[in-house]
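Okay, so here's the structure we're looking at.
The values are calculated or read from the model by the stated rules, or taken from the named source; none is laboratory data. Computed from a predicted model, the values in this text were never measured in an experiment. Cβ placement follows ideal geometry from the backbone for every residue including glycine, while neighbour counts extend to all protein chains displayed.
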Amino acid sequence: MEHRKIMALGKSSRVMSLPKEWLRMNRLNQGDTVTVQIQGDGSLIIHPTPDRGDEPKRIELIVSENERSESITRRIIGAFLDGYSIIVLSSEKIFTVDQQTAIRDIVRRLYMMVINSEAKRTELETLIDESKASVSSCVERMHLITYSMLRDTIESLRNWDADLVNSVISLEDDVDQLNYLVLRIIRSAAVKPSLANELGLSPLDCLDYQTLVNLIERAADRVINIAESLSQMIEEQLSLPAEAQAILVNAAEIAFDSYSKAVECYLRMDVEPTNSVIDRQDDIRKLYMEITPLPRFSEAHGAPVLTNIITIRENIMKISDIAADIAELTIDHAYKYKE
């Protein structure tokens with residue numbers, strides 16, 4: 001950190017010189033424009049003029065001959081989240097079939113495309129411009145897909161609809177795609193103040209949005225667990241005991257409604273309904289306890305049915321917990337604007 005003196009310019013103006021290294025790093029010269037942003041604590045942030053034709057960030061990942069497809073997938077996701085616009089994968093020999101499949105599968109789940117492909121080299125490019133993105137719109141889309149999955153899962157649980165439950169499972173990639181997109185944008189904004197300024201995001205916004213999308217993604221994962229249990233039971237021609245089914249449907253309706261209200265409260269910054277979301281956890285726990293003496297279900301319907309009851313029950317409870325976490329996040333975030 002260095003200190004700079006404020007000097008007089010005329011009778012009323014005051015000026016301060018800018019560091020040469022900062023000017024050189026941002027390719028700024030005499031006559032160029034910068035943006036000055038006043039922070040809540042009284043400090044200033046100076047942003048270079050956006051859209052200066054910067055070269056896209058590029059990274060090359062070396063893929064070993066025996067590298068597992070899961071490792072390649074994780075590395076591509078990591079590079080994408082860290083803001084790289086061009087990701088080049090180079091193999092020591094040639095890509096195996098599993099490696100090629102992994103690359104193409106993850107490209108479909110990210111906002112990317114293959115722009116060049118050879119036996120030993122593949123080049124990927126992102127399809128997004130972070131400066132034109134809307135974090136709130138992406139989060140809302142992610143939430144709406146997740147909530148549609150929740151609604152369809154309740155219908156499947158109530159009516160034992162195989163087609164509907166399989167359609168729920170098919171939406172998992174859509175949620176993941178939006179999750180990765182939002183995380184990329186807010187991570188880029190967190191390290192690039194000019195982008196954060198364009199998007200209207202403070203550092204605290206970035207932190208809270210990251211927490212929110214992680215919670216929404218966890219809720220989607222929980223509903224996929226429920227859907228997979230239902231799909232397995234339908235395929236194996238198993239059925240839930242009527243008593244357990246009624247309780248699970250009731251608990252799911254409460255938990256899923258709480259989740260929806262919690263996210264909507266966050267998006268609207270409406271604190272008032274959040275306490276009711278948190279309080280409804282007690283209703284879920286009462287229903288949870290009603291089917292906790294599970295051996296009676298096992299004796300009448302067998303271990304496979306008991307296992308699936310437990311899976312569905314636990315995931316419904318976890319979605320209720322996630323709803324409460326989102327409600328608490330809304331309360332914490334809302335008071336930021338009242339400082």
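Residue-wise test of (1) farther than 28 Å from residue 103 by Cβ; (2) basic (Lys, Arg); (3) assigned to a strand (DSSP E or B); (4) under 12 Å from the mean Cα position of the chain (by Cα).
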| position | (1), (2), (3), (4) |
| --- | --- |
| 125 | no, no, yes, no |
| 157 | yes, no, no, no |
| 163 | yes, no, no, no |
| 166 | no, no, no, no |
| 187 | no, yes, no, yes |
| 208 | yes, no, no, yes |
| 218 | no, yes, no, yes |
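Condition (residue is buried (at least 19 other Cβ atoms within 10 Å of the Cβ) and either in contact (Cβ under 8 Å) with a residue 40 or more places away in the chain or not acidic (Asp, Glu) (or both)) applied to the stretch 113-121: is it met by at least one residue? Working first, answer last.
First pass over the stretch 113-121, keeping only residues buried (at least 19 other Cβ atoms within 10 Å of the Cβ): none.
No, the stretch 113-121 contains no residue that is buried (at least 19 other Cβ atoms within 10 Å of the Cβ) and either in contact (Cβ under 8 Å) with a residue 40 or more places away in the chain or not acidic (Asp, Glu) (or both).
Kindly evaluate residue 240 against the criterion of being buried (at least 17 other Cβ atoms within 10 Å of the Cβ) and either in a helix (DSSP H, G or I) or at pLDDT 90 or above (or both). Step through it out loud before you land on a result.
Working: buried (at least 17 other Cβ atoms within 10 Å of the Cβ): yes; either in a helix (DSSP H, G or I) or at pLDDT 90 or above (or both): no.
It is false that residue 240 is buried (at least 17 other Cβ atoms within 10 Å of the Cβ) and either in a helix (DSSP H, G or I) or at pLDDT 90 or above (or both).
Could you say which residue among 272, 217, 264 is modelled with pLDDT of 90 or more, surrounded by fewer than 18 Cβ atoms within 10 Å (Cβ to Cβ) and of a type in the set (Asp, Glu)? Break it down into steps so the answer makes sense when it comes.
Numbers: 272 fails: modelled with pLDDT of 90 or more; 217 fails: surrounded by fewer than 18 Cβ atoms within 10 Å (Cβ to Cβ).
264 is the lone residue from the list that is modelled with pLDDT of 90 or more, surrounded by fewer than 18 Cβ atoms within 10 Å (Cβ to Cβ) and of a type in the set (Asp, Glu).
Looking only at the stretch 261-286, which residues are assigned to a loop (DSSP other than H, G, I, E, B) and of a type outside the set (A, V, I, L, M)?
First, the residues of the stretch 261-286 that are assigned to a loop (DSSP other than H, G, I, E, B): 269-273, 280.
Of everything in the stretch 261-286, those that are assigned to a loop (DSSP other than H, G, I, E, B) and of a type outside the set (A, V, I, L, M) turn out to be 270, 272, 273, 280.
Looking at (1) surrounded by 13 or more Cβ atoms within 10 Å (Cβ to Cβ); (2) under 24 Å from residue 195 (Cα atoms); (3) of a type outside the set (Gly, Ala, Ser), which is the only condition residue 95 fails?
(2)
Out of all the residues in the stretch 124-135, is one or more at pLDDT 95 or above, of a type in the set (A, V, I, L, M) and buried (at least 17 other Cβ atoms within 10 Å of the Cβ)?
Checking the stretch 124-135: at least one residue is at pLDDT 95 or above, of a type in the set (A, V, I, L, M) and buried (at least 17 other Cβ atoms within 10 Å of the Cβ).
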